[in-house]
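Below is one structure, written out as C-alpha cells, with a few remarks after it.
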Amino acid sequence: MDLSNLKPAKGSTKTKKRLGRGQGSGTGGTATRGHKGQKSRSGYSRKTGFEGGQMPLQRRVPKFGFKNINRKEYKGINISTLQELADAKKITDIDVDLLVEAGLARKNSLVKILGNGELKTKLNVKAHAFSKSAVTAIEAVQGTVETI
C-alpha cells in the first residue's frame, strides 16, 4: 500500500452528470432545465429572498427596534471565578491582563466583576466595572477594588 494506489472506497463517489452533451446522452436538448423561461437561460441567478414577484418576507415584516451605538459590552466575571483563579495560582492581585492570560477575557474586552459566588481570600482587583454586590463582597474580606 502506497500513495500511488490509493483510491476512494467502493460506492463512495459518483460520476458527475454531464448535461447538454447531445441527444444520445439522455441529458441533451434542454439539459434537465425544462422548456423556456428565465431559469432555463444561461447566466440566470435569483436575488436572495426573491419570491417570484410576491412581496418578499423581509419587506412584508415591519421594521422595529434600534441599535444603541454608545452601548458598552462588558465581559462578566463572577467573584467565584476569581476565587478559583486565586486558589489555583496563589495570587492576591488580579487585573485584566491576568484574566486575559487565564483565558477568561479577551485582550480588548471590557471586564465587569459580578457578585455571584463566595469570596474567602483577600484580593486586590482591578477591572473596568464592578457590580455593587461584588464591591461589598470584596470589601467584606478586606480586599480592594480599583476601577480602570
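Every read-out reported here was derived from the displayed coordinates using simple, explicitly stated rules and does not represent laboratory data. Please read all numbers here as calculations on a predicted model, not as lab measurements. Ideal geometry is used to build each Cβ from the backbone, glycine not excepted, and the neighbour counts take in all protein chains shown.
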Practice item. Would you please state which residues of the range 111-130 a label at THR136 would reach in this model, taking the label point 7 Å out along Cα→Cβ and a backbone N cut-off of under 17 Å? Key: 113-120, 130
Review point. Per 10 Å bin, what percent of the C-alpha pairs of the range 14-74 does each bin hold, from zero upward?
Key: 16, 24, 20, 17, 11, 10, 2
Revision key, fill the gap. Of all DSSP beta bridges having both residues in the chain, the percent classed as antiparallel (nearest 5) is 5
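How large is the charge dipole for the range 74-147, taken about the Cα centre, if only the Cβ atoms of Lys, Arg (+1) and Asp, Glu (-1) carry charge, to the nearest 20 debye?
About 160 debye.
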Point to revise | Sparse-neighbour loop sites [chymotrypsin sites (Phe, Trp or Tyr not before Pro); the range 32-138; at most 12 other C-beta within 10 Å; DSSP] | key: TYR44, PHE50, PHE64, PHE66
Review point. What residue among SER4, GLN58, SER45 has its Cα farthest toward the positive end of the dipole of the chain, where the charges are +1 on Lys, Arg and -1 on Asp, Glu, each on the Cβ?
Key: SER45
Check your understanding: Taking the Cα centre of the chain as the origin, how large is its charge dipole in debye, to the nearest 20, when only Lys and Arg (+1) and Asp and Glu (-1) carry charge on their Cβ atoms?
Key -> 2060
Review point. Counting each DSSP H run of 4 or more residues in the chain as -39500 (n - 2.57), what helix-only mean residue ellipticity at 222 nm follows after dividing by all residues, to the nearest 500 deg cm²/dmol?
Key: -5500 deg cm²/dmol
Check your understanding: Using alpha carbons only, how many degrees (0 to 90, rounded to 10) separate the axis of helix 79-89 from the longest principal axis of the chain?
Key -> 80
Review point. Net charge near GLY28, counting Lys/Arg +1 and Asp/Glu -1 over other residues with Cβ under 11 Å of its Cβ?
Key: +2
Check your understanding: Which value results when the Cα radius of gyration for the range 74-147 is divided by 2.2 N^0.38 Å?
Key -> 0.95
Exercise for review: Sort out for me the Cα centre separation of the range 1-71 from the range 86-131, rounded to whole Å.
Suggested key: 50
